[in-house]
Amino acid sequence: MCIFCKIVNGELPANMVRENDDFMAFHDLNPKAPAHILVIPKLHVDSFNEVTPETMAGMTSFIQEVAKVVGIKESGYRVITNVGDNGGQEVKHLHWHVLGGAKLAWGHFADADTKDFF
Ligand code: DGP
């Protein structure tokens, strides 16, 4: 069972922000911003590649609520989902990083010189 499924079923603890029947939001263990929340569907989905439009619809309003609850809705924030190896996905359970609380830097490549791409 993946670590996020263990958080869903209570086997692993998490610093919970918000929860409903379908989704959970909790603080990231290794925050990359003053506010760094992970939003997951309770039902296991490997990644964005497999998510349904129905789940996406619920995720959208849930993420909007989370941004309001943590107080970053007006100041601004970033929503990211990493997909697969090149996307840097470490946990193979769909999750959205909701980052805010400070002005965020934009963009990077992990191990290549950007001039090779443009
Ligand atoms: P990603 O690289 O997109 O798969 O991001 C996985 C994130 O999950 C990473 O920022 C660290 C976080 N993380 C990993 N394990 C745990 C955990 O057990 N609890 C919490 N709260 N976050 C975790």
With the cut-off at 26 Å, report for the chain the share of all Cα pairs above it, as a whole percent. 21
Of the residues 107, 71, 84, which exhibits the maximal mean-square fluctuation in a Gaussian network model of the chain defined by a 10 Å Cα contact cut-off? 107
Shape call for the range 27-75, from the Cα gyration tensor axes a ≥ b ≥ c (a/c under 1.5 means rounded, otherwise prolate when a/b beats b/c, else oblate), comes out oblate
With runs of 4+ DSSP H residues as the only contributors, calculate the mean residue ellipticity of the chain at 222 nm using -39,500 (n - 2.57) per run, divided by the residue total and rounded to the nearest 500. -6500 deg cm²/dmol
If one builds a Gaussian network model of the chain from Cα atoms under 10 Å apart, the most fluctuating residue listed among 37, 80, 72 is 80
Working only with C-alpha atoms, what are the Rg and Dmax values of the range 43-97, expressed in angstrom? 12.2, 33
Flagged links, alpha-carbon separation over 19 Å, of 42/68; 42/103; 68/103: 42/68; 42/103
For the range 66-80, what does the Karplus curve 6.51 cos²θ - 1.76 cosθ + 1.60, with θ = phi - 60°, yield as ³J(HN,Hα) per residue in whole Hz, taken in order and with x for Gly and Pro? 4, 4, 5, 4, 8, x, 10, 4, 7, 6, x, 6, 10, 10, 9
For the range 1-59, report the % of Cα-Cα distances exceeding 13 Å. 62
Hey, can you find the accessible area per residue of the range 1-110 for me, probe 1.4 Å, expressed in square angstrom? 62
What percentage of the solvent-accessible surface of the chain, computed with a 1.4 Å probe over protein heavy atoms, is contributed by carbon and sulfur atoms? 53
In a Gaussian network model over the chain where Cα atoms closer than 10 Å are linked, find which of 28, 85, 46 has the largest mean-square fluctuation. 85
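The values are calculated or read from the model by the stated rules, or taken from the named source; none is laboratory data. The structure displayed is predicted, hence computed values, not measured ones. Surface areas here come from the heavy atoms of the whole protein model, side chains and all, with no ligands, DNA or RNA. Shrake-Rupley method; radii C 1.70, N 1.55, O 1.52, S 1.80 Å.
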